[in-house]
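Since the structure comes first, as structure tokens, the remarks are kept for the end.
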Amino acid sequence: MLLCIDVGNTNIVIGLFDDEKLVESFRIATDARTTADELALKFQGLLADTSDIKGISLCSTVPAVLREMRTMLQRYFPDIPHVVVEPGTKTGVPVLTDNPKEVGA
């Protein structure tokens, strides 16, 4: 299963995919003051019944939350490979705007 995390200014949207099928989704409030440990508690609670996560994909346009998310992934999910997509990350997907960094993750 692939855990996908989209950090927006208002909500963090979490999706759990089995191949191309969305199996579960969650939405929690974005708070730039939340620590990596608090995020881990929320994620572990939401994902308590899921043990077969093989990868994590994270995108964010909120720098303060992105820093804590990176820390959470390193500390609490160290054995699961993860990819972080943020403004400026080259994904191979063309963004046809004058300044792609303004589009967000």
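The values are calculated or read from the model by the stated rules, or taken from the named source; none is laboratory data. On a predicted model such as this, the values are computed, not experimentally measured, just so you know. Positions of Cβ are backbone-derived with ideal geometry, glycine not excepted, and every protein chain shown enters the neighbour counts. The area values use the complete protein model at the heavy-atom level, side chains included, leaving out ligands, DNA and RNA. Shrake-Rupley method; radii C 1.70, N 1.55, O 1.52, S 1.80 Å.
Quick notes on this one:
- Cα-based helix-to-principal-axis angle, 36-46 vs the chain, degrees rounded to 10: 60 degrees
- Summarising the label geometry, the points placed 7 Å from Cα in the beta-carbon direction at Phe26 and Thr97 lie 2.9 nm from one another.
- Extension gain, Tyr76 back to Leu46 (0.36 nm per residue minus Cα-Cα distance, nm): 9.4 nm
- The chain - percent of accessible surface contributed by carbon and sulfur, probe 1.4 Å: 50 percent
- In a reduced charge model with +1 at each Lys and Arg Cβ and -1 at each Asp and Glu Cβ, the chain shows a dipole moment near 300 debye about its Cα centre.
- The simple Förster model, with R0 at 25 Å and r as the Cβ-Cβ distance, assigns Asp37 and Val85 a FRET efficiency of 0.60.
- Accessible solvent surface per residue of the chain, calculated while the other protein chains remain in place, 1.4 angstrom probe, Å²: 65 Å²
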